[in-house]
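The values are calculated or read from the model by the stated rules, or taken from the named source; none is laboratory data. Being a predicted model, the structure only gives us computed values, none of them experimental. We place every Cβ from the backbone using ideal geometry, glycine too, and count neighbours over all the protein chains shown. Note: accessible area is taken over every heavy atom of the protein model, side chains too, but ligands, DNA and RNA are not part of it. Shrake-Rupley method; radii C 1.70, N 1.55, O 1.52, S 1.80 Å.
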Amino acid sequence: MRHLRGPDVVQDLPQATMPEEEERSKHFAALLTGRTSSLLKKDDMSTMYSTLNPQNVVATGRFSFHKKNLYYSFYVSDRAARPRSIQFVHANGNILEEHTLALPSDEGRLSSYQNGTGKVCGVWRRVPREYRRLLRDELVSVVLMWGSKHQAELAIAGPIAKYPALAHELFSSLLEPAAQPDMMNGAGGTAIVSTSSGVTSSIHLTIVLNGLFAPEDVSDVPLSVRLESLDKRQLILEDVQRVRKPAHDINVLEVSSPVSVSDLRLLTRGKLTLTVESRRNPDMLRLQGPVRGRVACEVFQTLLSSHGVDVRSDASGLAWMYQNREGALVYHVQTHHLHGQPGTSSPVLTLIDDSAKRKPELETLTRAFAGEHASGVIDRMGPRVLEPLYSGELAIQVTNDQNLTLLQGKFVTRQVADARDSTAPVLLRRTADLPPLAHAVGMAWMAVDNECSLHYDLSLTGVPSAFHPLQLYLEELPLEAPNAPISRRLLEEFGGNQLEGFQLGLPPRDLAKLETSVIYLEVRSNSTTEPLMRARVHTPTRVPSHCTGGMDNEVQQDPFAANDVPVATNEKCFHSGRFYDEGETWRSAVEACTMCSCDHQQYKCEKMKCPPLRCRKEDIVQKKGECCPSCAAPKSSVGNGLPAAPVTTVSSGSSSAQRGCSLGEEFHEAGTTWHPYLHPSGYETCTICTCELFTLQIKCARAQCPPLPCSDKVAYRPDKKACCKVCPQVKEPKVPKKVHAGRQDVQYDEAGSSAGTLRSPQAILAAGGCRYEENIYENGQEYHPVLATHGEEKCIKCRCKVSITMSDDSGNDPDVKR
């Protein structure tokens, strides 16, 4: 067993090859405690930082370079709140970079990843070459600060250094004082843990610590290292390390030991704790902490494609997972058109080790999808899952009832920051029906940072190079409705299957729309007119409140709900330049005399239907601006001191008041009639509404259907719009016409001979009688008229009057009285 006693001692490890050396140069770590914050206590910096740390807050960070970007991750003491900001400081005290990590208004707005892991994540993008050299020369420290922007309540710092074990780190531990607080003020530590399983399993720990030395401990100080179960019933590792020359801030120990497979299983499930204590004063000087998943903020993601699978299909999907703070693996899977494939009544998700020849099945995730979504937690994960996951050899398969593969993908590691620090990715589905794109699928992350920049991260597969270059567009619709206005913004043109970018300086109104509007992402190509892939961003993109200028952009939504269909309460129609709610009716501003309604996001319009009029033809007038003709007002009603109208309006362009009734946004003049327009059926032609001439009250009545001489079972409506049923037509012998004569009905045959003792119809008409519809009435006889839309009008009485001559010369016209 090898051990080291300080950071300046070369480690006794196998000679690294060139690729390994390059990989090691990308990874750094830092321990932040009171003892490592001496940089902040210099005279020229002490006024900027408060290093008072009564709660002895400790933190450990990991840093890795990727394409000139420095990704950082931290574990912080549970008793501390989320840091406000992070600084990178040169050894001479100059601040190289500062990022805001949290604002008071951001409480409750952290991503599901940072909430689930308790980590602090971020990225320093486009690090200048000179600063990258300073980092590699270990001349940069990192500072975490709490409090307001103008008054730091606490600041802790630590030097960023290279540790070879970081390239193989699988687990981490944050070590905090577990003994007398007075003697261990400012103490802390961190452990970099790696394992190997196989014929001989082993564990390796690189421990960075301080504060375990008494004043008299100046050389060759023994420290006890112990790895055991949380209940202390099972001891995994116990060793004694000697530090030849203790340092105030940084001391490094290296411990290796063989372990059993069951020990590794406890380790992967977060069931072990690490203790480092003084051999001379164990009760006074002790550091302790649980061994958890490694500090690095990372997700594991893959696209699910049907390329090369057992069953030919047009299904697609995505999967992503991460380790939570308890060490369990949280996974999410989303598919499209999976249940349209044969034998997919209960699809199965399986994790597979893709590095082995036989590709053994490691874990079955779920046998039940919620629609096209599946999610869950593997809380009893073993090393045989974790090792291929971290090494990039873990794959996932979706199989049907016959165990035939429908979809498959291989997980890759992605650092969590900016776009990938959002709630969940979206699945880009193929929209162009082209054979070369049969297996095309995409995944996109999108987020807005505290500097109000929009970040996006896109991964594609199955798009041939013939379609490149590609363009990523962002579409914004105020609401999901046909014909709604679309605002399309080009985010970036790119080549290849991976894109990571950002947009600076977006207006506050545009940023607010990311939360309140309907957002789509599209991948387009100059080779086609239609988009290649498209996805709706169902989960609103969270925007810091200070980025929207105070606009109300709070939206709450379940990030993993199966919400492929818009919520019904949000259904609207777009027509004539504005939105209308579901069920709303309106008069068209484009087409005259047309009413419209909104029904399931589709608007439909219908020309106004005018009801029949109850007046003579010569009394029918067509007023300017009115869609339907009306009866002229009786002359006797003008200037007779009519009662005051309860509803009055002034027509545009006229100074005289019009008497009438208001119904919603519609105005009807006194005495007019109309068919009501109802959602969703349209005009109700079997109902007539009237604005009463004198009372100005609206009264609506349905047609009163006359009794039928046949059974209701055989009666039918001649068409869908018919108000009343009719009897089937039956060929019967001709019957004499009916004549109304006083209170008696007398029948005559076709020749006009009487069946009784009364006069014939011709004799009645010759004597001043009246013909109304198909009936003949004696002069002076009263009766109730029968209207097609209302039936018999008992409130109207007609009298046959000889003094008025019918216009068609077929008889006299009745006099109508109410």
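Considering only alpha-carbon pairs that sit under 8 angstrom and 6 or more positions apart, the relative contact order computed for segment 298-416 is 34 percent. Per-residue packing, averaged as other Cβ atoms within 10 Å, sorts the ranges 214-223, 520-529 into the order 520-529, 214-223, beginning with the highest.
Separation of the alpha carbons by more than 31 angstrom is noted, of LYS68/LYS357; LYS609/LYS801; LYS713/LYS801; LYS617/LYS720, for LYS68/LYS357; LYS609/LYS801; LYS713/LYS801. Looking at segment 166-293, the accessible area is 41 square angstrom per residue; that uses a 1.4 Å probe and ignores ligands, DNA and RNA. ASP712 contributes an accessible area of around 100 Å² to the protein surface, as traced by a 1.4 Å probe with all chains present. Taking the dipole about the Cα centre of segment 166-293, with the C-beta of Lys and Arg at +1 and of Asp and Glu at -1, give me whichever of ASN210, ASN185, GLY270 is farthest to the positive side. About the Cα centre, the residue reaching furthest to the positive side is GLY270. For segment 298-416, would you read off the P(r) tail past 21 Å as a percentage of all alpha carbon pairs? Looking at segment 298-416, the distances longer than 21 Å represent 32 percent of pairs. Using the Cβ atoms and a cut-off under 9 Å, what net charge is assigned to the surroundings of LEU237, where Lys and Arg are +1 and Asp and Glu are -1? Local charge sum for LEU237: -3. Sorting 606-617, 248-259, 155-166 by their mean Cβ neighbour count within 10 Å, with the most densely packed peptide first, gives 155-166, 248-259, 606-617. For segment 410-493, GluC sites (Glu not before Pro) are listed when DSSP marks them as loop and at most 15 other Cβ atoms sit within 10 Å of their Cβ; the list is GLU451.
Descending by average beta-carbon neighbour count within 10 Å, the peptides 296-303, 410-417, 225-232 line up as 296-303, 410-417, 225-232, the highest first.
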